[in-house]
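Working notes for the structure below.
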Amino acid sequence: MPRLTKKQRVLDLAATQGWSRIGESEWNAMRQALPDVSSSVIQQSGLQIDAPWCGIRQHTFAELEASLREFSVVYAARGDLRRFCRDQVIAAKDRAKWLSRQAGSNETCKRKATMAEWMLVWLGDPALFPAWVTALKSLSQTDLQSAAEPPPEIGQPPTP
């Protein structure tokens, strides 16, 4: 008889309970039923998991932005989860910083270092993060549009 992996035990429990999404009560029940299974195994099981139990997703800037925005909402609404939210963001920031020093390509190093900076902004003021990232993206779009325009010809004034 094949041995069940921890991931399969997580999936089996969710299926037995009829859970299609993991929220707070399901998370607590799963942690109690499977005490030897780490949070990361549950988070990486493929199940839909609500913030903040899902952890910070940081494979892309879009994922990181969405995660931190979700965490800002939870942080504002649930005072009892603020420490948990902060701990999740701190752990993700530390992973990004470590990866920024370990990554093979210079581009990956820069991307992870920038991601760590985003998380520092969130840690500084979770309520400010959504406005900050919106402004940052707006500035980035302006810079991209300006860079795409050809420079004015010599002797011609730039167009406004």
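Each value in this text was obtained by applying a stated rule to the coordinates, not by laboratory testing. Not measured: the values here are computed from a predicted model. As a convention, Cβ positions derive from the backbone with ideal geometry for all residues, glycine included, and neighbour counts pool all protein chains shown.
Quick notes on this structure:
- Other residues within the sphere of radius under 15 Å centred on the Cβ of residue 113, judged by their own Cβ, net out at +4 (K and R +1, D and E -1).
- Neighbour net charge for residue 57 - beta-carbon separation under 15 angstrom, K R +1, D E -1: +1
- Here the Karplus relation 6.51 cos²θ - 1.76 cosθ + 1.60, evaluated at θ = phi - 60°, turns the backbone of the stretch 34-46 into coupling constants of 10, x, 8, 9, 6, 4, 5, 5, 5, 4, 9, 6, x Hz, with x for every Gly and Pro.
- Structural descriptor for the chain: relative contact order 16 percent, calculated from alpha carbon pairs under 8 angstrom and at least 6 residues apart.
- Under 26 Å of direct C-alpha separation, and excluding same-chain neighbours fewer than eight residues apart, residue 137 reaches these lysines: 93, 97, 110, 112.
- Point-charge dipole on Cβ atoms (K/R +1, D/E -1) for the chain, about Cα centre, debye to 20: 700 debye
- In the chain, the DSSP-assigned H stretches of four residues or longer account for a calculated mean residue ellipticity at 222 nm of -21000 deg cm²/dmol, using -39500 (n - 2.57) per stretch and the full residue count as denominator.
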